[in-house]
Amino acid sequence: MQGWWTWLKPLSPAVLCLFFSAVQPWGWRAGIVLGVLGVFALLLGVRHLYERESARFRIRQAETSLGLLERKRHDWMNHVQVIMGYLSMKQIDRIRPYLEQLVKQAHRERCLAQVKHPPLAVALVSLPHRFPEWDWEVEIGEGFQSIPPSEAERICQMVEETTEEMGRMVSPDDRMTVRFRFDRGEDGVIFSVNVSRERKVRKCDWERLKRRIENWQGNFQAFDGGFMAELPLGGGKSAGNRLLSWGR
């Protein structure tokens, strides 16, 4: 009840004005005046609702960003502690390979951040921080950075749905390595997923996602431990607009 009243309250003056304009006994002139006031009140109410929801959205976005930054800070503190541990144990020879791994990770994140569609770039870069229970390897092929915004939105949605499906299938206690790879061809996008524990993810586990991709006019091939999807460019509007090659 409280939720409905929260939405109805800003619109209540408009509802009252429009209601009285229909039942008032003072004639059509009064009805017009009340109707105009009702429309004006309705516009103000809609504007108030829009501003309120925009403020809530900005707060949620800020909370999400703060959470990701906190996770990033925590990860780097862990790296510092590892390096300090090597120094305390005088294992200097192990520091250089560890730093090289960190440099490779930073390079991969920089490549993902160069995807032209910001929501997709954020979704890919933040995967290890939003789902820290798994080890992530996210790769993009040449040309994927310049994917059209309409296609990037579909890929972004598919990434979110894939991680949601994986959350249903695999317990957070089962640590595994997840490999996402994106490639772009002449006519479409290839999206492949591999996990390190094949016994945990079987072919039949991907049925819901398979139906989703087929609704997008895409091709889907599942195998034990992952799947590969081919999505045509242009949202599948053209029957011949598909990739012809498959790979793993």
Open item on the list: Ignoring ligands, DNA and RNA, please state the percent of accessible area on region 91-238 from carbon and sulfur, probe 1.4 Å.
Closed with: 47
TODO: Tell me which residues come under 5 Å, amide H to amide H, from residue 139 once H is placed; ignore anything under 5 positions away on its chain.
DONE: 180, 181, 182
Task: Rounded to 5, percent antiparallel among DSSP beta bridges of region 91-238 - done: 75
Open item on the list: If I ignore ligands, DNA and RNA and count only protein heavy atoms, how much of residue 21 is accessible to a 1.4 Å probe, in Å² to the nearest 10?
Closed with: 30
Open item on the list: I'd like the Karplus ³J(HN,Hα) series for region 47-63: coefficients 6.51, -1.76, 1.60, θ = phi - 60°, whole numbers in Hz, and an x wherever there's a Gly or Pro.
Closed with: 4, 4, 4, 4, 5, 5, 5, 5, 5, 5, 5, 5, 5, 5, 5, 5, 5
Task: Shape metrics for region 91-238, restricted to C-alpha atoms - Rg then Dmax, Å - done: 16.1, 60
Task: Accessible area in square angstrom per residue, region 11-85, 1.4 angstrom probe - done: 76
Open item on the list: If you average the alpha carbon positions of region 92-149 and of region 4-64, how far apart do those two centres end up, in angstrom?
Closed with: 46
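The values are calculated or read from the model by the stated rules, or taken from the named source; none is laboratory data. Given the structure is predicted, the values throughout are model-derived calculations rather than measurements. The protein model used for the area step is the full one, side chains on, heavy atoms only, and it has no ligands, DNA or RNA in it. Shrake-Rupley method; radii C 1.70, N 1.55, O 1.52, S 1.80 Å.
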